[in-house]
Structure formats: C-alpha cells, structure tokens
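Undergrad: Take this structure, written in structure tokens, and hold onto it; I'll ask about it next.
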Amino acid sequence: GEDVELWGLVGLLHDLDWEETPDRHGLEGARWLEEAGYAPEFVRAVQAHAWEMTGVQPETLLEKTLYTVDELTGFVTAVALVRPSRSLQDLEVSSVKKKWKDKAFARGVNREVIARGAEMLGEPLETLIAETIAALRPLAARVGLGA
C-alpha cells in the first residue's frame, strides 16, 4: 500500500554519497538530492537511514524500513555467500539467526541498527529476516546469489 516508485528510488539512491564522502554519509547525499529538487520526504529518508551520522531519527514507515533493511540486506547477503550453494533460494531464517550470534561473522554489519530498527517497526527480527530473504530471492541471479 506504499508508494512503490518512491520507495524504490529511495532504495536505489540512499547511498549515493557513500564512496565519495563516507565520513559525511547521509549528509552529503541528502544535500545533493535537495539541490537537485527531490521532495523533502525523499531527502529526509536518506538522512534518517544514516541516523547515527545525521542525527535525523527515522519516523515514517519508509525511514524506519530503510534504516533497518539497509543493514539487514547486507547481513543476509553475507550469510548466503558463505553457504555451499552461494544461494538465497535455499537460505532459511535459522541459518541467518545462527550467523547473527557469531560476532566474528560480518562484523561490519551493525546488528544493533537492525535490532533497533526491528523494534521501531514493531516486528520480530525473524519476520524481518524472512521478508528480506523473500524480497531478495527474485533478484538473486542478478546479484550472483543463485538462480
């Protein structure tokens, strides 16, 4: 029931400043988007996804989802990559949860952000993991994670 085009574009562009200005991530990208005439809700979502850097706390469903799923997709992808199948097609929530407990695994993924986001969304972590796996499966072949 959400604006699919808005959510999709925010999903594609939210990290546009990451490579050039990682120390100002979310700040520069939001400024660039604002200067380019993007809607305030778009700009704010980019800021809120980097809450720790920008100080803009996620408030809307779009902002909370982006904040949470940005980190979670990275974690789910990392789990899939270490499986013998290197696939999302046979990836189960239990496998992701097992790796979640291993703090040495994918240490660059901020588990606290994911857990905080799940709490903000009012969803159990397991539900978000399952939904993330399901959302990534149709894209798996394009990102090298199984057919």
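The values are calculated or read from the model by the stated rules, or taken from the named source; none is laboratory data. As the structure is a computational prediction, the values presented were derived from the model and not from experiment. Quick reminder, even Gly has a Cβ in these numbers, built from the backbone with ideal geometry, and neighbours come from all protein chains shown. We work out accessible area using only protein heavy atoms, side chains counted, and drop any ligands, DNA or RNA first. Shrake-Rupley method; radii C 1.70, N 1.55, O 1.52, S 1.80 Å.
Undergrad: I want to verify a result. In a Gaussian network model of the chain, Cα cutoff 10 Å, which of these has the top mean-square fluctuation: 29, 37, 74?
TA: Its mean-square fluctuation being the largest, the pick is 37.
Undergrad: Helix hunt in the chain: which complete DSSP H runs extend at least 30 Å axially by C-alpha with mean Kyte-Doolittle at least 0.5?
TA: Membrane-span-like by this criterion, though nothing is claimed about a membrane: none.
Undergrad: Continuing with this model, one more query. Roughly speaking, what is the centre-to-centre gap between the stretch 20-59 and the stretch 83-106 when only Cα atoms are used, to the nearest Å?
TA: The distance from the Cα centre of the stretch 20-59 to that of the stretch 83-106 comes to 30 Å.
Undergrad: Please work out the average accessible area per residue across the stretch 9-147, using the 1.4 Å probe convention, and give it in Å².
TA: In whole numbers, the stretch 9-147 has 54 Å² accessible per residue.
Undergrad: Let me ask something else. Considering only 106, 50, 118, give the residue with the highest GNM mean-square fluctuation for the chain, with springs between Cα atoms whenever their separation is below 10 Å.
TA: Residue with maximal mean-square fluctuation among 106, 50, 118: 106.
Undergrad: Rounded to the nearest 500, what is the chain's calculated 222 nm mean residue ellipticity when only DSSP H runs of at least 4 contribute -39500 (n - 2.57) each, over all residues?
TA: Calculated mean residue ellipticity at 222 nm is -17500 deg cm²/dmol.
Undergrad: Put +1 on the Cβ of each Lys and Arg and -1 on the Cβ of each Asp and Glu in the stretch 23-146; which of 135, 49, 106 then has its Cα farthest toward the positive end of the dipole?
TA: In the stretch 23-146, that residue is 106.
Undergrad: Continuing with this model, one more query. When the accessible area of the stretch 19-100 is split by element with a 1.4 Å probe, what percent falls to carbon and sulfur?
TA: Carbon plus sulfur share of accessible area: 50 percent.
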